[in-house]
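Here is the structure we will look at, set down as structure tokens.
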Amino acid sequence: MRWKLLRRRLSVSAPRVTVRSRLPWPIRWLVLALMMGGSAAVAVWTYEYGREIAGLGRDAGTELRLLREELERLREEHQRAVSVANAADSLLTASRTAQEALAARVKVLEVENLALTRDIGFLEKMMPAPTDNRPLSVRGLQLQADGPQRLRYQALLMQALGQPAGLKGRYDLVLVGSSDGKPWSQTVSRPNQTIDIRQYLRLDGVVEYPSGVSVRQVEFRVLDADGRLLVAETARL
């Protein structure tokens with residue numbers, strides 16, 4: 001029996017034996033603690049390295065606060081810009097409305113002016129012609145002060161019935177008054193004071209006189225191309 005047991009232990013069919021080395025438990029805990037500490041250090045290093053790669057350093061909180069302040073400032077500026085744009089748009093709309101109203105008013109005034117011009121022309125044509133033998137008459141001679149030492153005059157020349165159209169000539173103005181208490185007169189005859197009448201002609205202009213002169217009346221004279229007096233009309237101030 002002993003021989004069989006000895007042969008079984010020495011033969012291939014002998015049972016397997018596992019050899020284990022037993023470590024004391026303090027050493028095991030120390031090794032486990034070192035492994036956990038190493039893992040934690042690797043994790044912390046990985047986290048810090050990732051923050052550095054992403055651009056997040058220790059001042060990330062300060063930078064985030066500054067970014068929030070900048071964002072708030074930009075929002076305020078945007079609101080102010082929107083308010084200014086709305087105000088400018090309102091002013092532009094009001095300006096366009098006023099311009100359109102002014103343009104409409106100008107058109108109305110143009111129409112009224114055209115109507116008045118036609119009415120004046122009609123009335124001028126309807127005015128009675130002179131009954132004497134003069135070929136020409138002066139109607140509606142008016143004088144009006146137009147500033148210091150200036151007079152504005154207006155007159156309407158009308159041909160008599162039966163006179164040929166196309167009467168040419170000129171007109172002169174004779175100013176009568178006083179200067180320093182003495183009688184004074186002046187004849188104003190200019191090259192541009194020519195006339196070419198076809199039934200009627202409206203005249204309008206300004207005449208000046210020296211300083212210190214007081215004008216009391218103006219005589220309006222019409223002469224033909226040869227210098228002969230055709231008609232004269234006097235208006236007093």
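Computed quantities for the displayed model
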| read-out | value |
| --- | --- |
| Odd one out for ALA41, checked against (1) at pLDDT 65 or above; (2) open to solvent by 100 Å² or more (accessible area, probe 1.4 Å) | (2) |
| SER185 over 17 Å from PRO135 (Cβ atoms), hydroxyl-bearing (Ser, Thr, Tyr) and in a strand (DSSP E or B) | yes |
| Residue ID - modelled with the lowest pLDDT, chosen from residues in region 102-129 that are more than 12 Å from TYR200 (Cβ to Cβ) and open to solvent by less than 60 Å² (accessible area, probe 1.4 Å) | ALA115 |
| Test: residue in region 223-231 that is open to solvent by less than 40 Å² (accessible area, probe 1.4 Å) and under 52 Å from the mean Cα position of the chain (by Cα) | no |
| GLU208, sole failed condition from (1) among the charged types (D, E, K, R); (2) more than 52 Å from the chain's Cα centre (by Cα); (3) open to solvent by 80 Å² or more (accessible area, probe 1.4 Å) | (2) |
| Count of residues meeting criterion [over 19 Å from GLU219 (Cβ atoms) and either in contact with a Gly (Cβ under 9 Å, 6 or more places away or on another chain) or in a strand (DSSP E or B) (or both)] in region 137-181 | 4 |
| Those residues of region 199-237 which are of a type in the set (Gly, Ala, Ser), in a strand (DSSP E or B) and in contact with a Lys or Arg (Cβ under 9 Å, 6 or more places away or on another chain), in sequence order | GLY205, ALA232 |
| Options ALA60, ALA160, ALA145: the member that is surrounded by 10 or more Cβ atoms within 10 Å (Cβ to Cβ), at pLDDT 85 or above and either within 30 Å of LEU230 (Cβ to Cβ) or not aromatic (Phe, Trp, Tyr) (or both) | ALA145 |
| Condition check for ASP196: part of a strand (DSSP E or B), at pLDDT below 85 and either open to solvent by 40 Å² or more (accessible area, probe 1.4 Å) or not basic (Lys, Arg) (or both) | yes |
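The values are calculated or read from the model by the stated rules, or taken from the named source; none is laboratory data. Bear in mind that the values here come from a model prediction, so they are computed numbers and not experimental data. Note that each Cβ is placed from the backbone with ideal geometry, even for glycine, and that neighbours are counted across all protein chains shown. Surface areas here come from the heavy atoms of the whole protein model, side chains and all, with no ligands, DNA or RNA. Shrake-Rupley method; radii C 1.70, N 1.55, O 1.52, S 1.80 Å.
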